[in-house]
Amino acid sequence: MNTTTWLEYLLSFLILSGAVFTFIGSLGLARLRDFYTRLHGPTKATTLGLGSLLIASALYFSTRSTGISLHEVLVTFFLFITAPVSAHLLAKAALHLKLPSLATTPEETSQTHKKTNAPSEESH
Amino acid sequence: MRRLLPHPLLTLALASLWLLLTNSIAPGQIVLGLVLGWGIPFLTRRICPEKVQIHKPLTLLHFIGVVLMDIVLANLTVARLILGRPQSLRPAFVVLPLTLTSDIAISLLANTITLTPGTLSALLSPDRKTLLIHALDVDDSDTLVATIKQRYERPLKEIFEAC
């Protein structure tokens, strides 16, 4: 009985913190000011949020039903592999489209650089 | 041997992936997983990239531990930055010179950078010599580059590229 209560406290804590972190990640989309900084919210804060939710899910189904449940491990694994890739592609597309950025983009830096030594660029 | 079993590690990885998907360790599933793990790399060996070799498994485990720890810290940092004052952030692009050469090491490094504190890998230069990183809040870009090189790139180089 006692262990069940503790387990429920643990599960509630995990689910609540998961929800809070996911919310903060989404809040970042509204609070941050340019495309590149907004990318940071969904790739990070949500990872921990989803992580907590998935651990809670794994614990719950491992203790309630027969046998341990490891599907959540797979979900985490795929999430950790795919989230950075999509963020990378979004950032790459943003650079290509020259979206306005708070930071100096390398495009701007290299353009000033190109102007100073244009002959060497042409020799390629 | 090499032709029959082109990617031993991939075979094991696919087999365990299969077992996780079916959520069982019945003998039949293990055999089926191993068959799939052998068959898929075998049939796709012409389009498969380079062979992956892990030189230091212990370093890999340690690296995974460090990265998981850093992911938790990264989340707290980014959460604090979002809830704090977004106006005071100092985002910047930082160029990281790469010493890694293998595909898997570079992609793992890029993934790690995206998952860890306040940094996001944005662009790999076509010659694979530099990786462009966007950082959310930078004090000093040289320190950032040095940290990434020391903390993530060096272990990855040890693990995947024996030197």
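Below, the figures for the structure above:
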| read-out | value |
| --- | --- |
| Conditions (1) of a type outside the set (Asp, Glu); (2) in a helix (DSSP H, G or I); (3) at the interface with chain B (Cβ under 10 Å from one of its Cβ atoms); number of the one not met by residue A:33 | (2) |
| Residue B:25, sole failed condition from (1) within 11 Å of chain A (Cβ to nearest Cβ); (2) over 27 Å from residue A:69 (Cα atoms); (3) more than 15 Å from the chain's Cα centre (by Cα) | (2) |
| Failed criterion for residue A:18 (all others in (1) over 30 Å from residue B:26 (Cα atoms); (2) surrounded by fewer than 19 Cβ atoms within 10 Å (Cβ to Cβ) hold) | (2) |
| Hits in segment B:76-106 (condition: closer than 20 Å to residue A:96 by Cβ and of a type outside the set (A, V, I, L, M, F, W, C)) | B:91 |
| Long-range neighbours under 7 Å by Cβ, at least six apart or interchain, first residue assigned by TED's automatic domain parsing to the domain that holds residue B:142 and under 23 Å from residue B:142 (Cβ atoms) within segment B:95-109, second assigned to a helix (DSSP H, G or I) and acidic (Asp, Glu) | B:99/B:153; B:100/B:153; B:109/B:153 |
| Qualifying residue in segment A:62-71 (condition: facing chain B (nearest Cβ under 10 Å), part of a helix (DSSP H, G or I), within 17 Å of the chain's Cα centre (by Cα) and of a type outside the set (Ser, Thr, Tyr)) | no |
| Sole exception among (1) surrounded by fewer than 22 Cβ atoms within 10 Å (Cβ to Cβ); (2) assigned to a helix (DSSP H, G or I) for residue A:47, by number | (1) |
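To keep it simple, each residue is scored yes or no on (1) in contact with a strand residue (DSSP E or B) (Cβ under 9 Å, 6 or more places away or on another chain); (2) modelled with pLDDT of 75 or more.
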{"residue": "B:118", "(1), (2)": "yes, no"}
{"residue": "B:132", "(1), (2)": "yes, yes"}
{"residue": "B:145", "(1), (2)": "yes, yes"}
{"residue": "B:148", "(1), (2)": "yes, yes"}
{"residue": "B:154", "(1), (2)": "no, yes"}
{"residue": "B:159", "(1), (2)": "no, yes"}
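The values are calculated or read from the model by the stated rules, or taken from the named source; none is laboratory data. Just so it is clear, the model here is predicted, and its values are computed rather than measured. Quick reminder, even Gly has a Cβ in these numbers, built from the backbone with ideal geometry, and neighbours come from all protein chains shown.
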